[in-house]
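As structure tokens, the structure follows; a few thoughts come after it.
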């Protein structure tokens, strides 16, 4: 009886070691996700998906530079999410006795129904300007801003997913490949 228990213990230990080794091999020692999507996105400026009150000063916003990069895209049969990072640089005009800042970033994501264009989805980013009274500011001027946020993008179908990202007059195209 003792001999059978020892054999079962050894077999169980070998199976556990095999499973752990397989997991570490498939995930490059934990660096890649195989069953789950990317980590949660990091944000300097909060995101909103709805249009609310207080969008009166959007004409004072100028987007100087916009860049997008893919942080993590390990698309597979079990994972359809990729992590991108976007950086927006610009400036806000403000009047005397007021301060300007970026309150939130509005994100609008939609499918492209126009088959003549070679992208599947459109993501629009719009920084929302916040102007508030400050009696200590004695002159009008321009405030420069720069921030970087991350955003999780879901692939829409198998194969190549072309996505156009728009911020102001700036447009960037990114591609993801969803594998089976």
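In the set (1) assigned to a loop (DSSP other than H, G, I, E, B); (2) touching a strand residue (DSSP E or B) at 6+ places or on another chain (Cβ under 7 Å), the condition left unmet by residue 116 is number (2).
Answer yes or no as to whether residue 151 is in the same structural domain as residue 58 (by TED's automatic domain parsing) and either in contact with a helix residue (DSSP H, G or I) (Cβ under 9 Å, 6 or more places away or on another chain) or modelled with pLDDT of 90 or more (or both). Before you say what the answer is, go through the steps one by one.
Values: in the same structural domain as residue 58 (by TED's automatic domain parsing): yes; either in contact with a helix residue (DSSP H, G or I) (Cβ under 9 Å, 6 or more places away or on another chain) or modelled with pLDDT of 90 or more (or both): yes.
In short, yes.
So that you can scan it fast, the table gives a plain yes or no per residue for (1) within 17 Å of residue 70 (Cα to Cα); (2) modelled with pLDDT under 90; (3) within 15 Å of the chain's Cα centre (by Cα); (4) surrounded by 16 or more Cβ atoms within 10 Å (Cβ to Cβ):
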{"site": "102", "(1), (2), (3), (4)": "no, no, no, yes"}
{"site": "129", "(1), (2), (3), (4)": "no, no, no, yes"}
{"site": "137", "(1), (2), (3), (4)": "no, yes, no, no"}
{"site": "140", "(1), (2), (3), (4)": "no, yes, no, no"}
{"site": "145", "(1), (2), (3), (4)": "no, no, no, yes"}
{"site": "158", "(1), (2), (3), (4)": "no, yes, no, no"}
{"site": "175", "(1), (2), (3), (4)": "yes, no, yes, no"}
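Number of residues in region 51-72 that are assigned to a strand (DSSP E or B) and at pLDDT below 90 equals 1. Each residue in region 73-90 was checked for being part of a strand (DSSP E or B) and either surrounded by 17 or more Cβ atoms within 10 Å (Cβ to Cβ) or in contact with a helix residue (DSSP H, G or I) (Cβ under 6 Å, 6 or more places away or on another chain) (or both), and 7 pass.
The values are calculated or read from the model by the stated rules, or taken from the named source; none is laboratory data. It should be emphasised that the depicted structure is a prediction, and the values quoted were computed from it without experimental measurement. Glycine gets a Cβ as well: all are built from the backbone with ideal geometry, and neighbour counts include every protein chain shown.
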